[in-house]
Structure formats: C-alpha cells, structure tokens
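Engineer: Have a look at this one before I ask anything.
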Amino acid sequence: MSSTNAFVSPEIGAYLTSHTTAPTVIEQRLIDETAQHRHGAMQINQTQGQLMAQLVQTLNPTTVVEIGTFTGYSALKMAGSLRDGSTLIACDVSDEWTSIGRPFWAEAGVADRIDLRIGPASETLAALDDDLQVDVAFIDADKTSYLHYLELLIPHLHERSLVLVDNVLWSGRVLDDSTDDAESTAAMRTFNDAVVNDSRLSVSMMPVGDGLSFITLAP
C-alpha cells in the first residue's frame, strides 16, 4: 500500500501522511500484512482511509455499500466510524483476499457491522431490497464495471447520499494514450466523462490517492 499521494512529490506525500491521524495498531497491522502480499499496492493509502473514515463519521450513515473490499482496510476504517445499528455491505468476489481482513475486523470489534457478501457485485447490488437507501458507497473494483455499479446504486440513493469512486485518475493513465492496459484505462475515461455529463449527478474529482471522485445526486 502506498503511503503517499500519487500526484504529489514524495516529500509532500510524507508530510501529508505525518500530519494525518495515524492508523490504530490494528489498522497498521492490516496495512503491513497487506503490503506483504501480491497486489498489495491495490490498497488505498492511509490519508485516503482516514478521509473516508471522517466522512462516514460526519455523515452518520445507516447503510454503507463497499464495492471491492480487497483485504478489508477500507471496510475496517469506515466500519470503525459507524454508529451501533449501522451496516457496511462489503461486496467482493475473493474469499482469499477478504479472509485476510476478517480477523482484524473481529479484533477491532466491528465485525458485526460488516455484512460481507462474496460474489459478483452486480448480482449483490441487483438483489438489494428495492426500498433500501444507501447513504454512502465506495466503488473500488474492476474498472470496466464502474458505470454499471453506479447505475445499480442510483435507485438506492437519496439527496444526501455520497458515492466515493477510487482510481479515477488511474496513475495518470487517463491522459496517456500509450498505456498498456487499454481496456481499464478506456473504462476509466468513459466513466469520468459519463458522470460529469450526467444531469442526474453532481461530481467533484480530487487528486486524493489515485484520484477520488465524490458523487451525489444533483440538487
């Protein structure tokens, strides 16, 4: 897991990290364990995790949906800010990766707030009760499905819902026509163009982590 923002200098990144509330001992252990595994760099960084935790604390949601849980650090951060009786529905296809995080959720005392659903996120979202309102959502999964996931979420959003979307700058490759992962890069460009031109939505794109978009329903 990168400790710095991809779009600032290493020195500024280190300064950001040192002036952001540090992870708890449990969170740091999960960060360290994730870093030892293949694909460990997929994890969000500390500053983004802390921002998301504070947003959840401020918005005080009843229902959070996470699409792409990986080893569970972002779920751990957000669940730690949930009040009793609130739920984070964590969607992921990998029992292997999520099994890394589950013991840490239990140790932190937030496992009862996390409803882990293993399987394609599109199926999990399609099966949500029609009347379920989603207060906060975080999309951080396969890039080619981002638009589909958002479309499945929109019927569950209300005027104060917030959708956070990760990797919207894709390490800058959204601006690079020579990229070697053309499908994912094209998908991120398509997603970014689609949401900013969607009259139903209001969008702010921020250079946080690998690029983080804040999406709400348009007023």
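The values are calculated or read from the model by the stated rules, or taken from the named source; none is laboratory data. Only a predicted model underlies this, so the values are computations on that prediction, with no experimental measurement involved. Note that each Cβ is placed from the backbone with ideal geometry, even for glycine, and that neighbours are counted across all protein chains shown. The accessibility values were calculated without ligands, DNA or RNA, using every heavy atom of the protein model including side chains. Shrake-Rupley method; radii C 1.70, N 1.55, O 1.52, S 1.80 Å.
Engineer: Considering amide H positions built from the backbone, and no H for Pro or chain starts, which residues 5 or more places from Leu201, or on another chain, come under 5 Å of its amide H?
Structural biologist: Ala218
Engineer: What's the ranking of 158-170, 115-127, 18-30 by average number of surrounding C-beta atoms within 10 Å, highest first?
Structural biologist: Going by the mean number of other Cβ atoms within 10 Å, highest first, we get 158-170, 115-127, 18-30.
Engineer: Once neighbouring chains are kept in place and the probe is 1.4 Å, which whole percent of the accessible area of region 180-219 is contributed by carbon and sulfur?
Structural biologist: 55
Engineer: Could you work out how much longer the chain between Leu217 and Thr24 gets when fully extended? Use 0.36 nm per residue separation minus the Cα distance between them, nm to one decimal.
Structural biologist: Gain in length upon complete extension: 66.1 nm.
Engineer: Also: Cβ neighbours within 10 Å, averaged per peptide: list 85-91, 108-114 in order, most packed at the top.
Structural biologist: 85-91, 108-114
Engineer: For the chain, what does -39500 (n - 2.57) per DSSP helix run (n ≥ 4), summed and divided by total residues, give at 222 nm, in deg cm²/dmol to the nearest 500?
Structural biologist: Computed ellipticity for the chain at 222 nm equals -11500 deg cm²/dmol.
Engineer: Zone of Ala127 (label point 7 Å along Cα→Cβ, backbone N under 19 Å): which residues in region 37-71?
Structural biologist: It comes to 64-70, nothing else.
Engineer: Obtain the nm distance between the two label points defined at Ala35 and Val8 by a simple spin-label model: each point lies 7 Å from its Cα along the Cα-to-C-beta direction.
Structural biologist: Inter-label distance under the simple model: 1.9 nm.
Engineer: With θ set to phi - 60°, apply the Karplus curve 6.51 cos²θ - 1.76 cosθ + 1.60 along region 154-166 and write out the HN-Hα couplings as whole Hz, x wherever there is a Gly or Pro.
Structural biologist: 3, x, 9, 8, 10, 5, 10, 6, 10, 10, 9, 10, 8
Engineer: Checking the a/c ratio against 1.5 first, then a/b against b/c, what shape does the Cα gyration tensor give for the chain?
Structural biologist: Verdict is rounded for the chain.
Engineer: Still on this structure, please answer the following. Summarise the accessible area of region 12-52 (1.4 Å probe, protein heavy atoms) by the percent that is carbon and sulfur.
Structural biologist: Here carbon and sulfur together make up 60 percent of the probe-accessible area.
Engineer: From the phi of every residue in region 124-131, what ³J(HN,Hα) in whole Hz does the Karplus formula 6.51 cos²θ - 1.76 cosθ + 1.60 yield, where θ is phi - 60° and glycine or proline is x?
Structural biologist: Along region 124-131, the couplings run 4, 5, 5, 8, 4, 4, 4, 8 Hz.
Engineer: Sticking with this structure for a sec: Determine ³J(HN,Hα), in whole Hz, for all residues of region 27-43 in sequence, where each value follows from phi through the Karplus function 6.51 cos²θ - 1.76 cosθ + 1.60 and θ = phi - 60°; x replaces Gly and Pro.
Structural biologist: Values per residue, Gly and Pro as x: 4, 5, 5, 5, 4, 5, 5, 4, 4, 7, 9, 4, 6, x, 5, 5, 5 Hz.
Engineer: Right, here's the next one. Could you give the accessible area per residue of the chain, probe 1.4 Å, as a whole number in Å²?
Structural biologist: With all protein chains present, the chain gives 47 Å² per residue.
Engineer: For region 60-183, what does the relative contact order come out to in percent, with C-alpha contacts under 8 Å and a separation of six or more?
Structural biologist: 27
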